[in-house]
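To keep things clear, I will list the structure first and then write my remarks on it.
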Number of protein chains: 4
Amino acid sequence: MSLLQDLVIASRTCAEHGVIDAYGHVSVRSETSPERYWMARAVAPELITEADLLEFDLDSNRIQDGGPAAYNERYIHGEIYKARPDVHAIVHNHSHAVVPFSCTGCRLRPIFHLAAFIGEGIPTWDIRDAQRGSDMLVRNSQLGQSLAQKLGSHPAALMRGHGSVVVGASLAIAVGRTIYLDHNAKMQLQAMQMQALQSPGQLDEVVYLDDAEVEALSWQAYVRSWDLWRTQWLPRLAAEAAQPQITSS
Amino acid sequence: MSLLQDLVIASRTCAEHGVIDAYGHVSVRSETSPERYWMARAVAPELITEADLLEFDLDSNRIQDGGPAAYNERYIHGEIYKARPDVHAIVHNHSHAVVPFSCTGCRLRPIFHLAAFIGEGIPTWDIRDAQRGSDMLVRNSQLGQSLAQKLGSHPAALMRGHGSVVVGASLAIAVGRTIYLDHNAKMQLQAMQMQALQSPGQLDEVVYLDDAEVEALSWQAYVRSWDLWRTQWLPRLAAEAAQPQITSS
Amino acid sequence: MSLLQDLVIASRTCAEHGVIDAYGHVSVRSETSPERYWMARAVAPELITEADLLEFDLDSNRIQDGGPAAYNERYIHGEIYKARPDVHAIVHNHSHAVVPFSCTGCRLRPIFHLAAFIGEGIPTWDIRDAQRGSDMLVRNSQLGQSLAQKLGSHPAALMRGHGSVVVGASLAIAVGRTIYLDHNAKMQLQAMQMQALQSPGQLDEVVYLDDAEVEALSWQAYVRSWDLWRTQWLPRLAAEAAQPQITSS
Amino acid sequence: MSLLQDLVIASRTCAEHGVIDAYGHVSVRSETSPERYWMARAVAPELITEADLLEFDLDSNRIQDGGPAAYNERYIHGEIYKARPDVHAIVHNHSHAVVPFSCTGCRLRPIFHLAAFIGEGIPTWDIRDAQRGSDMLVRNSQLGQSLAQKLGSHPAALMRGHGSVVVGASLAIAVGRTIYLDHNAKMQLQAMQMQALQSPGQLDEVVYLDDAEVEALSWQAYVRSWDLWRTQWLPRLAAEAAQPQITSS
């Protein structure tokens, strides 16, 4: 039950739930050196093993010289860890259900109890506000800082036309929030459609969790789901390790 | 073909059909002691084996002292068994298609013959009516009683922003109703969208099952689907039992 | 490559594509006795093997006395074979995407070339027109005749609040039409939604296949997809046959 | 890591992502003879192995006489290779999410950074403009030329009521674009629905990638996803090769 094994499981779990595909990444702050974090080399999350994990400082420089290429967007992670001492794990994901919220005037609101954290506010970061004509990637510290600033003290921030970044005090929380953000987005769109059919122009009548409920649910740490994912992945990772041909170039 | 084996199969089947994930739970009334019911310890339904099952009285106290933690929300089950002698199985689920019906003015109606029971009425329970500022969970007998009262003599009740509780005279019925409630919700939303496109403002022209059809279908016990699920799960459970590493912490 | 093996493959394929679940059934006219047809005993299609197949006359009486129970709705099949000498295979399915078309004023139209047959017309049968207060099932010859009459010379008929019946000159055609009817229904709903967003009130501007295109595509016999399904199912059926425990009660 | 092995992997990947089923096909320009291309015999992409691949000249005549039947629609490929020296791989697909864009007045626009290429323009080809009353298939050089002309210098063209053709400088690019075209179509529909709910009549307020962002993303070659797909398929293909019964008729 090591931190690096958990980082592998977090990556695989996000991929299996469809919130990241070949792109997107998960990181975790070092337990021994809080000024460092771990993240995989530039490889699809579905393929990550412990051997793919690299250590970075909070400027997103690699601790060990040489070796395989790192993700271009590692600055998302370094700059958030710098700005948010309470954050110990970060998921940068591409949930398809969430992207439409990032490019419309439509705000994510908590409709499902397991996504109550949305009530703490999910700002949207548009990279255009930091750099016009970019290739949409958070390729340097300045862009990472801009995103971290938009995130502020919130549990997540949408990235326009791209995805979102979700943070937490543990891998379980960051992954759980990522998956239920996706589920909430789907349910909220359906509820809005339904409400508009039932009572045109009365979109505000959808009943979301209220502030007191959001506050009362701040304890949610996704312990039972994390236990499920670990229990499912441990034997699969062991079986993969016994099949040496399943390795990426 | 024991009751406890069937409870395992019911839990796995609900998880496989996506109506419960790490959360949600299934229970069954004891065959020998109608003042008792069986439910798993606090573990994800996908992982449940017979060894995880615990016995409770109708106040949701455990019959055997000690052992692993129980679900916080077991009061849903105990209070409904107390109020409804006809109920022998209960599914508390989080179907994503059903949640939007719980927080909009849109009523579930029977559009598909295998979900005819919806015509018996599906009330919506809002926990706010019993407790303001809750964490949405049915954590005690009072909340369980409030939910059971809203359920009344109906086959199911929606829980606002949370999911639903579905009851039946057998595990087959409770599970079958849960799955077809989910399917009906999806079809009903599509029919409403279609009708609004075709004839704006004429939402009432969707043709639902009428009361006589609902009554004529009250025999539905989901025998064939239950036979399918048991037939599919028995060899899988046997294979799992032969792989001791697949166990939850 | 026997007819009965093909009937097993047709049943499994429909189940795997989600157009039938525990309910729904596929039949095929006898090659040697055109006044007879084959269909499984009352079991979920996912479980069917050749040992489950029964022979019926066109009044849907069993040729062999005794044995396991037959589907209550076998009259759908018998009455259509009686009325339609050109039909050699029938799928009664519960496609979720198709049901909403059966209970709204919205007509299925051919939007995708592999579902061109929809242009030949898909009438909707409401069992209420034959029997009020039914349990929605085609339980006898009279109801089967009513449905067959509504089907007329068309390739399929919707059954309100229930599903549809799809016919063809071969199992490949009946199964292929069933699956692409489902796909077309999904695409058509999306196209209607899109058109309404783009040009409110201009629903007629969706471009469907025209009559000449429908006619030009009447050769479609789904040969390549049938070859795919057979190729995929043959080794799976062989593997199942080697695992005697996977049998239904 | 041969070109033909990559063509097999490209075909399987498209099938696994649901953008082609039994129909649709992938081709690649010969590395040694740019006036030739490779494509499978007329078989479902899920079944293709290297033994199924045939070589064609740019008039879509087979280089080797005899042997199994070729796809009727190979002219799509030959005529595009003729017109576009920059194109080295082509996917003709049936993505269900994309078809509705082909038959409505609704234009695909880049909403997701991995589908930025959509900003280079995706024209729609209606076969009716070249031939009225066709069976929708690109059965000859004239139809292929008409489609190639509509495609022009764009990365893809929609085919009304049928699917699309997507091109690229490599198999990775053609396959990556095909899959993200499908994803973008789904997200765009949701964003349009959401925007219309939030601000009726303000559909233009959806924020798409702007021209500078599209230009800045022209480097996208889907290297990491292609590495993922190859890594996943190589052991599966090796396992299949060891099971000689999995072969198509």
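The values are calculated or read from the model by the stated rules, or taken from the named source; none is laboratory data. None of the values given here were measured: they were computed from a predicted structure. When we count neighbours, we look across all protein chains shown, and the Cβ atoms used for this are built from the backbone with ideal geometry, even at glycine.
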- Could you please find all residues in the stretch C:102-116 being free of Cβ contacts under 8 Å to residues at least 40 places away in the same chain and surrounded by 24 or more Cβ atoms within 10 Å (Cβ to Cβ)? C:104
- Message: Restricting to the stretch D:52-73, and then to whatever is within 14 Å of another protein chain (Cβ to nearest Cβ) and not polar (S, T, N, Q), can you tell me which residue is farthest from the chain's Cα centre (by Cα)?
- Response: D:68
- Does the stretch C:60-73 contain any residue that is under 30 Å from residue B:194 (Cα atoms) and touching a Gly at 6+ places or on another chain (Cβ under 9 Å)? yes
- Task: Could you check how many residues of the stretch A:208-234 are touching a Gly at 6+ places or on another chain (Cβ under 6 Å) and either over 17 Å from residue B:138 (Cα atoms) or of a type in the set (D, E, K, R) (or both)?
- Result: 2
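For (1) on the phi > 0 side of the Ramachandran plot; (2) part of a strand (DSSP E or B); (3) surrounded by 23 or more Cβ atoms within 10 Å (Cβ to Cβ), each residue gets a yes or a no:
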residue: C:4; (1), (2), (3): no, no, no
residue: C:7; (1), (2), (3): no, no, yes
residue: C:10; (1), (2), (3): no, no, yes
residue: C:13; (1), (2), (3): no, no, yes
residue: C:20; (1), (2), (3): no, no, yes
residue: C:27; (1), (2), (3): no, yes, yes
residue: C:32; (1), (2), (3): no, no, no
residue: C:38; (1), (2), (3): no, yes, no
- Checking residue A:32 against (1) away from chain D (no Cβ under 14 Å); (2) at pLDDT below 95, which test does it fail? (2)
- Would you tally the residues in the stretch D:229-246 being buried (at least 16 other Cβ atoms within 10 Å of the Cβ), more than 8 Å from chain A (Cβ to nearest Cβ) and basic (Lys, Arg)? 0
- Item | Test result for residue C:154, outside any helix (DSSP H, G or I), modelled with pLDDT of 95 or more and not basic (Lys, Arg) | yes
- residue C:158 passes all but one of (1) touching a Phe, Trp or Tyr at 6+ places or on another chain (Cβ under 8 Å); (2) over 30 Å from residue C:41 (Cα atoms); which number fails? (2)
- Query: So is residue A:181 within 24 Å of residue B:97 (Cα to Cα) and hydrophobic (A, V, I, L, M, F, W, C) or not?
  - Reply: yes
- Task: Give the residue, chosen from D:196, D:191, that is surrounded by 24 or more Cβ atoms within 10 Å (Cβ to Cβ) and either basic (Lys, Arg) or within 8 Å of another protein chain (Cβ to nearest Cβ) (or both).
- Result: D:191
- Item | Whichever residue in the stretch A:117-145 is within 19 Å of residue D:206 (Cα to Cα) and away from chain D (no Cβ under 13 Å) and, among such residues, is surrounded by the most Cβ atoms within 10 Å (Cβ to Cβ) | A:122
- Of the criteria (1) in contact with a Lys or Arg (Cβ under 9 Å, 6 or more places away or on another chain); (2) more than 8 Å from chain A (Cβ to nearest Cβ), which one residue D:181 fails: (1)
- Query: Counting just the residues of the stretch B:79-136 that are polar (S, T, N, Q) and not in a loop (DSSP other than H, G, I, E, B), which one comes out nearest to residue A:199 (Cα to Cα)?
  - Reply: B:102
- If you scan the stretch B:40-67, which residues turn out to be in a loop (DSSP other than H, G, I, E, B) and either under 21 Å from residue B:238 (Cβ atoms) or of a type in the set (A, V, I, L, M) (or both)? B:42, B:43, B:44, B:48, B:49, B:58, B:63
- Message: Here are the criteria: (1) crowded, with 18+ Cβ neighbours inside 10 Å; (2) outside any helix (DSSP H, G or I); (3) among the aliphatic types (A, V, I, L, M). Tell me which single one residue B:179 does not satisfy.
- Response: (2)
- Message: Based on this model, can you work out whether residue C:35 counts as more than 15 Å from residue C:175 (Cα to Cα), free of Cβ contacts under 8 Å to residues at least 60 places away in the same chain and charged (D, E, K, R)?
- Response: yes
- Message: Which residue is nearest to residue C:175 (Cα to Cα), if the candidates are limited to the stretch C:203-228 and must be more than 7 Å from chain D (Cβ to nearest Cβ) and not in a loop (DSSP other than H, G, I, E, B)?
- Response: C:226
- Message: Can you say whether residue C:87 is in contact (Cβ under 8 Å) with a residue 60 or more places away in the chain and either under 17 Å from residue C:22 (Cα atoms) or over 15 Å from the mean Cα position of the chain (by Cα) (or both), as far as the supplied structure shows?
- Response: no
- Assess whether residue D:122 counts as being of a type in the set (A, V, I, L, M, F, W, C), in contact with an Asp or Glu (Cβ under 9 Å, 6 or more places away or on another chain) and without any contact (Cβ under 8 Å) to a residue 60 or more places away in the chain. no
